[in-house]
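Here's the structure, in structure tokens; my notes come after.
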Amino acid sequence: MRISPLRNISFKNNNDVKPTEPSDNKKGLSNSAKLALGIGGGMALGAATYFIFRGKPQVKPEIAKPIDKIPEQINQTLSKFKSDIENLSSKTVVKLKNGGTKVQYSTPLKEDADTLRDILIFDKSGNLEKRIVSKFDAETKETVHRIFKGDASQIIDKPDEIDREFLVKEITIGNFKPFLADRLERNTVIKHADNTVTKYQDFYRKSKLYERYVYNNYDGELRDTDKVVRYNFAYDNGNLTSVARQDIYKDGHQHGVYSDKGFDPFPIYIKKNGEKDFQVLKDIYTFEPLCRFDSKFNPDNL
């Protein structure tokens, strides 16, 4: 099967692709799982190599270690805490590996119902370090994480009352959706504190991430994006073996730029598992020769 790697890159959103039959990969995905997807990984999602050493996003259950007694400094902060969650009578308190404390409030988990989590992260001295407000919208099937950091007296207000200067980033994660037989697309949009926007389009095959496009632009209009970074992932026996990267520019040919009566192709770089840096592959600038160079990059071979 011949893959045209840039068919999905049109410098605009791909959300108008008509879905086909739902995939089994999204069946049984609870609201709890939908909220959890991105809380840990989404917070770290700022580097283009996120998921490079991961396959299908896994919701790893946190081993809860409730603490017997909440430190007084944390209790004082919690007594002033305001949330959109109406019932704050119960909470989950977990001691973190770094010595800090996580306090989580949640609405009841019901399938096909809005779900809200309000999470406070304290350092080992009991100082409020970070707040994460996560909401799953049952109608749009999107999860939005808002991450706040700063003065404890400011970030314990209701989320919409917190000054935007304390908003580190807002992460919107679209639900997995089928776009072709046996393939899934997942969109993640990150709004940074400086108003810049990064969008990740991830494409899955047989439950594995095999292609990613990273759009960087100012106001979220992908058609105005000057450059897209494309990643491909190779697997062997289910394990990730290498990653390929290619920078694609808007104003040139999809595989390179014509200039001075010549053709300057976009190079492809590759990094094998365990290596630190990408190395350029000479004379390879489209997906097909990349597959011939290493057949494991072919999504049909996953």
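The values are calculated or read from the model by the stated rules, or taken from the named source; none is laboratory data. Since the structure is predicted, the reported quantities are computational estimates derived from the model, not experimental observations. Using ideal geometry, Cβ is built from the backbone for each residue, glycine included, and neighbour counts are taken over all protein chains shown.
Only one of the numbered conditions (1) at pLDDT below 90; (2) over 29 Å from I119 (Cα atoms) is violated by D194, and that is (2).
Listed here are the residues, each with its yes/no results for (1) modelled with pLDDT of 90 or more; (2) among the basic types (K, R); (3) surrounded by 14 or more Cβ atoms within 10 Å (Cβ to Cβ).
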site: F53; (1), (2), (3): no, no, no
site: Q58; (1), (2), (3): no, no, no
site: D84; (1), (2), (3): yes, no, no
site: V94; (1), (2), (3): yes, no, yes
site: L128; (1), (2), (3): yes, no, yes
site: A138; (1), (2), (3): no, no, yes
site: E142; (1), (2), (3): no, no, yes
site: S153; (1), (2), (3): no, no, no
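Among the residues of the range 206-238, those identified as in contact with a helix residue (DSSP H, G or I) (Cβ under 7 Å, 6 or more places away or on another chain) and either modelled with pLDDT under 85 or of a type in the set (F, W, Y) (or both) are S207, Y210, Y215, N217, Y235.
Touching a residue at least 40 places away in the same chain (Cβ under 8 Å) and farther than 29 Å from D202 by Cα, is that true of L128? Step through it out loud before you land on a result.
Numbers: touching a residue at least 40 places away in the same chain (Cβ under 8 Å): yes; farther than 29 Å from D202 by Cα: yes.
So L128 fits the description; yes.
Looking at K141, is it within 30 Å of K227 (Cα to Cα) and of a type in the set (D, E, K, R)?
Values: within 30 Å of K227 (Cα to Cα): yes; of a type in the set (D, E, K, R): yes.
Taking the combined requirement at face value, the residue satisfies it.
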